[in-house]
Each structure stands twice: as structure tokens, then as C-alpha cells.
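Asks: Structure in C-alpha cells, see below.
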Amino acid sequence: MLFVLLSSFSFAQHFSVSGVIKDAANGETLPGVYVVMQPAYVHAETKGAVTNKAGFYSVTLDTGVYVLHIAYLGYKEVTDTIYLFHNHALNFELQPSAVVTDEVVVTAQRDDHNVTSIEVGKMEMKIETVKALPALFGEVDVLKSIQLLPGVQSATEGNTGFYVRGGGPDQNLILLDEATIYTAGHLFGFFSVFNGDAVKSVEITKSGMPAYYGGRLASILDVYQKEGNLKKYQVDGGIGLIFSRLTVQGPIKKNVASFIVSARRTYADVLMQPFLKKSSPMKGMKFYFYDLNAKINWIINDKHRLYLGAYYGNDKYGFKSKSGDTKAIFNWGNAAVSLRWNYIITPQLFLNTSASFTNYDFGTTMQMSVYEFNLKSGVRDYSLKSELTYLPSFPHQFKFGVHYVFHTLFPNSYDVHAGDAATLSLPTSKPYYAHDLSVYANDEFEVCRWLKVNAGLRYTFFAHIGSFTRYVLDDTYAVVDSIIYRPGQLVKAYNSAEPRLSLRFLIDSATSIKASYTMNYQYLHQASMATVSLPTDVWMPSTDIVKPQIGHQVSLGFYRNFRRNMFETSVDFYYKWLYNLIEYRDGLNLNMININADQMYTFGKGWSYGVEFFVKKAKGRFTGFIGYTLSFTKRKFEELNGGKPFYAKYDRRHDLSINLSYEIIVGKLTASMVFVFASGNTMTIPLGYYFFDGNLITEYSERNAYRLPPYHRLDLSLNWTIKKTAKWETGLNFSIYNVYNHKNPFFIFFETTTDFSPTQFEMETKAYQMSLLPIIPSITWNFSF
């Protein structure tokens with residue numbers, strides 16, 4: 001801080017141009033806009049800045065006369081002459097471009113941004129691109145679009161779960177307006193919780209994480225909601241085969257405050273009920289999900305701005321036996337609220353402070369005759385974060401911040417009802433409480449024209465506190481003693497320093513080499529018995545038994561653009577070392593229901609390495625990208641697989657995605673296609689049987705020694721804008737999922753038949769493939785007015 005203050009004093013003779021850039025049509029701030037300042041009369045180096053998430057920019061220069069240029073995709077270019085003899089506060093509202101031609105192409109960022117920027121593993125998916133993709137049941141899905149990027153792998157057929165560069169699903173931090181989302185899927189992961197009509201921007205960071213990101217080893221998925229139209233009232237919506245959605249936004253006070261409310265719901269259960277037989281397991285049962293997004297945006301004055309955002313989503317699914325004696329109901333939901341305050345202290349100092357609340361809960365109710373069994377779990381967070389950005393006159397961008405979270409994690413709790421009898425409460429783990437604090441400093445600066453550096457350090461402190469009871473076990477997992485911790489008493493504390501470094505070497509105007517090193521600590525964990533992440537999976541904090549996961553990642557990338565930046569290409573190599581990974585122990589038994597949840601785990605290490613290829617065409621009527629990943633992911637646990645290394649369950653050798661789009665009639669008709677091919681997931685299979693001491697024993701293969709067949713699928717879509725006027729727009733989306741009806745494996749199950757005779761005993765086991773989604777055509781009517 002002393003260095004910053006002295007620097008400000010030393011360069012006080014410089015002046016700044018700063019402000020906020022917005023969309024003139026709706027008042028939404030525009031992040032990622034390049035503002036370029038070029039000397040008007042002197043041949044000197046051009047300088048510029050990029051707007052942040054709040055649309056704020058700041059450029060500090062010597063006194064003189066400059067020409068300011070602003071360009072953004074789909075907007076008219078702005079040019080102005082600035083006489084810089086004092087600080088200028090200049091806010092701009094960019095006018096949407098009404099004419100699109102092949103000759104003039106304005107990009108949302110510099111054409112060579114992928115080459116010149118310091119961002120190593122960061123990729124953005126434009127909402128316009130997401131909405132143009134073919135979609136399952138016609139529902140736009142943010143997470144499924146992210147899975148098309150290199151290094152990001154889908155979990156299973158139709159699932160929104162994703163794995164990044166060999167990391168597990170719990171190693172992805174998913175943020176919505178800076179609030180953590182713990183389970184990002186509806187319908188057991190087939191649809192994401194993000195409503196495309198309410199989403200403003202989506203970014204994923206796979207490597208080279210700056211110091212202001214942390215808490216997970218694999219990736220950061222950063223999603224921001226729209227702020228609401230400050231100019232006029234607007235309604236958007238869509239009606240599909242099983243979904244409907246509606247978004248309403250507008251000014252509370254024009255150009256001062258706005259709101260947006262967005263909702264959607266499935267209604268397949270309502271449509272299907274009249275056609276179901278009385279004996280159907282789904283008759284009379286509810287199976288649906290809904291979610292609600294809301295946000296208020298208040299511009300107090302030129303320096304202060306407040307955002308209040310909220311999200312709530314809920315899933316409910318159930319089934320029953322033919323007799324009706326047995327029923328099962330699954331219910332889970334996410335709730336998140338965030339309050340952000342932006343404060344432009346000076347043209348060179350920007351403060352962002354946020355407070356957020358997150359709650360995730362899962363519940364299952366099973367009914368058999370007079371018995372009712374209930375299972376509950378969840379997570380609750382209270383968070384406070386403040387970050388100061390300093391933009392001095394010399395080519396640096398400093399960020400300092402502090403982030404505190406209070407975690408309450410609820411492991412599985414059980415209870416059983418038996419008619420009018422008293423409730424039977426099974427042994428239940430009490431909530432886990434924890435403090436989570438991080439302090440960070442980050443600096444992005446240009447050493448010279450060809451060398452740019454992003455360096456940072458993140459310090460983290462994590463403490464598991466009481467109230468808590470630690471059970472002491474013998475070799476058979478029987479409880480022999482216990483240790484009781486009072487409320488607030490320290491159980492176990494960890495702290496660490498996490499260095500971050502990224503480098504960009506500019507070879508020429510179209511070529512660069514980028515390298516990064518990232519060290520991360522992760523204090524929250526999730527182990528799964530299934531091959532995909534499900535709502536039933538329980539989150540667990542670091543304790544005296546469960547140590548923090550540690551990750552080291554190095555990456556090296558080559559970036560090259562062709563034909564005046566029309567084609568973007570990159571090749572990224574990476575290697576990751578992972579420590580203190582968790583899995584469930586083999587041979588879990590009912591005795592373990594009496595113990596602490598963290599005593600069911602075993603611990604090991606892992607490593608992942610690979611190479612990613614990416615080709616993108618960003619200009620013209622024909623656009624799209626191709627991504628391919630070759631990767632290897634292994635794990636080693638002393639108590640699993642005989643202590644020998646094994647491939648992770650989400651190891652995937654080859655992963656190819658092709659996304660192409662062609663504008664048949666400019667502004668009216670666009671065709672898109674997606675093709676994906678991926679190596680099959682790993683699995684463990686039974687090899688044979690033998691008798692031991694009179695008991696029949698199943699012999700299994702080594703862990704994850706076999707693979708499912710490869711997965712491949714082709715999707716097509718056609719977006720037709722039927723009518724578009726100044727106040728009204730309507731169109732249809734036609735999509736076909738899995739065009740050639742390939743039966744992709746969802747999972748493999750085994751059936752064993754036996755044959756007894758007086759002289760012999762025969763057994764035969766066969767494997768059967770369960771395929772889930774055939775060819776699915778859909779149509780959705782979209783409207784906006």
C-alpha cells in the first residue's frame with residue numbers, strides 16, 4: 001500500500017480519462033470494451049483500457065491531445081478528441097448498429113485479444129452464441145455450451161455436470177453474481193440452473209487463475225445476471241414442448257434504477273398425467289422444476305451504484321410402485337442472494353464490495369406401507385468480499401482484496417416414522433461449522449511491448465470449529481470414545497500461501513506464447529459413489545482428518561491468428577499435480593452409520609496432463625469453432641486398487657466438439673450444428689465368481705480398467721426470426737437432438753442368471769447397455785416486445 005501511495009504522488013502530473021460504458025438501448029453496462037487513446041499530433045505508442053464487470057474504464061496519460069476510439073460488437077463505433085489537461089469523467093452510451101455488412105465488422109474486443117492478452121486459460125461464451133446452439137427440448141443451456149470448449153468434458157448423456165482438465169465436479173467453483181452455486185443442475189443434471197434470458201455474461205477460467213480467484217482446483221465459472229432495462233419496459237419469453245419462460249424488465253426510475261424478473265418452469269408432469277395409466281409409477285406424482293431470477297440496479301450517482309440480485313430454484317421428482325404402497329420423493333433447491341456496491345473513489349481507484357448468502361438443501365422421503373424414511377443434507381454460506389482496483393499512470397493494474405465466508409455444512413441426517421408410533425431417529429452427524437478467509441494482491445503489468453506479466457499471491461486461512469463431537473473408533477469402526485468441542489472452539493486450522501504467475505511473450509502482431517503456474521488450496525470436498533455428480537452427494541469441510549486438497553498446474557500455450565484475425569487458433573499444453581484427494585473407502589457397511597461422515601473417506605493423489613487444440617472463425621456469416629482435447633487423468637490411493645495407480649472415472653482420452661453456424665438470411669435465418677465425439681468413461685466390471693468359506697464372492701477387475709463405448713452425437717437447429725420491428729420481435733427455434741439416433745451408453749448394468757442341479761451350479765453374467773436420449777425434435781416459440 002505504501003508503494004501505491006508513493007506511486008500516486010510521484011505521477012500526480014498525469015491526468016486520467018475514466019467513466020462507465022453502457023448500452024444506449026437499455027442502459028446495461030458493457031464489460032470487456034476496449035477504449036483506445038491515440039496521440040493526435042505526435043507519433044507515440046497508443047494506450048488503452050478494458051472495461052471491467054461494472055463497465056468502468058480508466059486510462060492515465062501525459063498531458064496532450066488524444067483521439068479516443070471505442071468499438072464493441074453490434075454497436076456503432078465512437079470517436080472523440082480529448083484535450084487532456086485535467087481529469088475527464090466521460091460516460092458513453094453505445095448505440096446498437098442497425099446495419100450489418102460483410103465489409104465492416106466491429107468486434108466486442110480487439111481482434112487480436114486472444115493473442116495480446118495475458119489470459120491463459122480464460123474463455124468466454126457469448127450469450128448470443130449459446131442461444132444459437134441446438135438445444136435439448138429447445139431449452140438454451142449455458143453449461144452444455146461450456147462443455148463444447150476444449151479441456152471441459154461433459155459427465156454423461158445430456159448431463160450439465162462438467163470436468164475440467166482432470167478435475168472432479170467438486171473442483172469447479174460456480175458463481176452467480178459472486179454467490180456460490182453448489183449444485184448447478186436441474187432434473188438430476190440434465191438442465192442447468194441458469195436461465196439464458198437472465199444471463200449477461202459467462203466466463204470460465206481453466207488455468208492461470210489470478211489471485212482474486214480461489215477455493216477450487218480445476219476451474220472458475222463466473223456468471224453474471226442482466227441488470228434490467230433502464231430505458232423502457234421489455235418482455236421476453238418462450239414456449240416449448242416441456243418448458244415455458246418469461247422475463248420482464250424495465251425502469252423503476254428512468255436512467256436511475258431498474259429491475260429484471262425472470263422465471264421458467266417445466267410442465268411435462270401436467271401434460272402427461274391424463275395419458276398415464278392408473279398403474280403407472282408416475283400417476284399422481286409430481287416431477288418438475290422451476291427457477292426464479294430477480295435483480296435491482298440502482299445508480300445512486302456517478303460514483304456509487306448498488307446491485308441486489310437473487311436466485312431461487314427447486315426440483316421435485318417422485319415415483320410409486322404399482323400397488324401404491326411404496327413411494328419416493330426427491331426434493332432439492334438452491335437459493336442465492338447477493339448485494340454489490342460499486343464505488344468509483346477516484347479516476348484511478350475502483351472499489352467493489354459484495355455480501356452474499358447461499359443455501360443448498362436436499363431431501364428424500366421414502367414411504368413403504370406404514371414406514372416413512374427421510375434423508376436430508378445441505379450447505380449454507382454467509383460471505384463478505386471487498387476488492388480495490390488501482391490503475392496508476394504507469395502500465396500496471398493492481399487489485400487488493402479480502403474475502404470471508406462462514407460455512408455451515410449439513411451431512412446426511414436420517415429419521416424414520418412408523419405410523420402412529422414414535423419417530424425413530426438414527427445416529428446423525430451434527431452440522432460442520434467453518435471460517436474461511438482469504439487475502440490477496442494481484443498485479444498485471446507490461447514490462448515491455450513483447451512481455452506482459454500477471455503476478456499475484458493469495459493467503460488463505462480455514463478453521464473448522466465447534467460445536468462438534470469427534471468419535472474415536474477401533475479397528476472395526478466401533479465407537480470407543482468421543483471428544484466434544486464447545487461452540488466456537490477450534491477443532492483444526494489450516495493456512496497457506498498460493499502464488500500465481502502468468503506470462504505473455506508477443507512474437508509478432510499475430511503470434512504469442514503464454515505460460516502460467518497456479519497453486520490452489522481447496523477446503524471443501526465432495527465424494528461421490530456414482531459416476532456423475534448428483535444432488536445426493538454431500539459436501540464436507542476440511543477437518544482434523546480431511547486435509548485440504550492441493551493443486552499445482554503449469555500450462556504453456558501457442559496462439560496464432562490468420563487472415564487479419566479472421567481465424568483464431570491455439571494449442572495449450574498442461575500438467576496438474578493433485579494431493580489429498582478423497583474417495584469413499586471400499587467395503588462401507590452399516591456399522592459406519594454411527595461414525596463421523598469424514599471417517600468414511602480414504603485419501604490419495606492424482607495427476608492429469610494433456611493438450612488442447614482450438615480453431616475459431618469469428619467473422620462473417622459463417623462462424624464457429626472446433627475444439628479437441630487429448631488428455632490422461634490418473635489417481636493413486638493406498639487403500640484402493642491394491643495401492644496401484646488407476647484411471648479416474650472421468651478420464652477421457654479423446655474429446656472433440658464442432659460448433660458451426662451459418663447466417664442464411666442476414667438477421668432472419670440462421671442454421672447451426674454441433675457434433676461431439678468422446679472416448680467412453682471408465683468403469684469397473686465383475687470378472688468372475690468363487691466360493692470362499694461357503695460364501696459366494698464376486699471378483700472384480702482392477703478399478704476403472706474398462707471403458708464404455710465411445711460417445712458421439714449430431715445436433716441441428718434453425719433459428720427463424722419471423723418478424724422484427726422497433727417494438728416487437730418474434731421467432732421460432734427448430735432443434736433436433738441426436739439426429740442419427742445413436743444409442744449412446746448412459747450406464748452399463750449386469751444381470752446374473754443361475755442354474756442349480758444336483759450335480760452342478762452354473763452362473764452366467766451379461767452386461768446390458770442403458771441408453772437414455774434418442775432422436776428428439778423440438779420447437780420453441782420465442783418473443784420479445
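The values are calculated or read from the model by the stated rules, or taken from the named source; none is laboratory data. Just so you know, these numbers come straight off a predicted model, no measurement behind them. All Cβ positions, glycine included, derive from the backbone under ideal geometry; neighbour counts span all protein chains shown. The protein model used for the area step is the full one, side chains on, heavy atoms only, and it has no ligands, DNA or RNA in it. Shrake-Rupley method; radii C 1.70, N 1.55, O 1.52, S 1.80 Å.
Asks: Farthest toward the dipole's positive end in segment 124-273, which of V193, V152, S219, given Cβ charges of +1 (Lys, Arg) and -1 (Asp, Glu) about the Cα centre?
Replies: The Cα lying farthest towards the positive end belongs to V193.
Asks: What is the antiparallel percent of DSSP beta bridges lying wholly in the chain, to the nearest 5?
Replies: 95
Asks: Working out 0.36 nm times the residue gap between M770 and E128, then minus their Cα-Cα distance, what length gain in nm do you get to one decimal?
Replies: Once the chain is fully extended between M770 and E128, it gains 227.7 nm.
Asks: Report the FRET efficiency, 1/(1 + (r/R0)^6), for R707 and R486, where r is their Cβ-Cβ distance and R0 is 45 Å, rounded to 0.05.
Replies: Rounded to the nearest 0.05, the efficiency is 0.35.
Asks: Run the numbers for K277 and E638: contour at 0.36 nm per residue of separation, minus the present Cα-Cα distance, in nm.
Replies: Computed gain between K277 and E638 is 124.8 nm.
Asks: With +1 on each Lys and Arg Cβ and -1 on each Asp and Glu Cβ, how big is the dipole of the chain about its Cα centre, in debye rounded to the nearest 20?
Replies: Computed charge dipole of the chain: roughly 1500 debye.
Asks: Here is a follow-up. Within the accessible area of the chain, what % is carbon and sulfur when the probe is 1.4 Å and the other protein chains stay in place?
Replies: 62
Asks: Still on this structure, please answer the following. With respect to the cross-link table entries K617/K724; K576/K644; K144/K278; K327/K376, which display a Cα-Cα separation exceeding 24 Å?
Replies: K617/K724; K144/K278
Asks: Now a separate question. Can you compute the helix-only [θ] at 222 nm over the chain? Use -39500 (n - 2.57) per DSSP H run of at least 4 residues, normalise by all residues, nearest 500 deg cm²/dmol.
Replies: -1000 deg cm²/dmol
Asks: List the chymotrypsin sites (Phe, Trp or Tyr not before Pro) within segment 685-752 that fall in a DSSP loop (any state other than H, G, I, E or B) and whose Cβ has at most 11 other Cβ atoms within 10 Å.
Replies: Taking segment 685-752 and a limit of 11 other Cβ atoms within 10 Å, the loop chymotrypsin sites (Phe, Trp or Tyr not before Pro) found are W728, Y740.
Asks: Taking the Cα centre as origin and putting +1 on Lys and Arg beta-carbons and -1 on Asp and Glu beta-carbons, what dipole magnitude results for segment 672-785, to the nearest 20 debye?
Replies: In debye, rounded to 20, segment 672-785 gives about 1060.
Asks: DSSP loop GluC sites (Glu not before Pro) in segment 611-692 with at most 12 other Cβ atoms within 10 Å of their Cβ, which ones?
Replies: In loop regions of segment 611-692 (DSSP not H, G, I, E or B), the sparsely surrounded GluC sites (Glu not before Pro) are E638.
Asks: Ignoring ligands, DNA and RNA, what accessible area per residue does the chain give at 1.4 Å, in Å²?
Replies: 45
Asks: At what distance in nm do the modelled label points of Y459 and T79 sit from each other, each positioned 7 Å from its Cα along Cα→Cβ?
Replies: 5.1
Asks: Calculated from the structure, mean projected area of the Cα convex hull in nm² equals which of (1) 49.0; (2) 37.8; (3) 40.1?
Replies: (2)
Asks: Could you tell me the relative contact order of the chain? Use alpha-carbon pairs under 8 Å, at least six residues apart, and round to a whole percent.
Replies: In percent, rounded to a whole number, it is 10.
Asks: Restricting to DSSP loop positions (anything but H, G, I, E, B) with no more than 13 other Cβ atoms inside 10 Å of their own Cβ, which trypsin sites (Lys or Arg not before Pro) remain in segment 595-625?
Replies: Sites meeting the loop and neighbour criteria: R621.
Asks: Rounded to the nearest 0.05, what FRET efficiency is calculated for S386 and L246 with R0 set to 41 Å and r the Cβ-Cβ distance?
Replies: That pair, S386 with L246, gives E of 0.70.
Asks: Using a simple spin-label model with points 7 Å from Cα along the Cα→Cβ vector, what separation in nm is obtained for M763 and H396?
Replies: With each label placed 7 Å out from Cα toward Cβ, I get 7.0 nm.
Asks: Under the 0.36 nm per residue contour assumption, what length would be gained going from the current alpha-carbon distance of A89 and F734 to full extension?
Replies: Net length gain for the segment: 227.5 nm.
Asks: With a Förster radius of 41 Å, plug the Cβ-Cβ distance of K286 and F603 into 1/(1 + (r/R0)^6) and report the FRET value to the nearest 0.05.
Replies: Result of the calculation: an efficiency of 0.55.
Asks: Can you return the aspartates and glutamates within cross-link range of K619? Criterion is Cα-Cα under 18 Å, with same-chain partners fewer than 8 residues away left out.
Replies: E77, D102, E103, D111, D112, E124, E128, E568, E663
Asks: Along the charge dipole of the chain, Cβ charges K/R +1 and D/E -1, which of N412, S258, Y690 sits furthest on the positive end?
Replies: Highest projection toward the positive end goes to S258.
Asks: Separate question: Count charges around K399 for me, please; just the other residues with Cβ under 9 Å from its Cβ, Lys/Arg as +1, Asp/Glu as -1.
Replies: Net charge in that neighbourhood comes out at -3.
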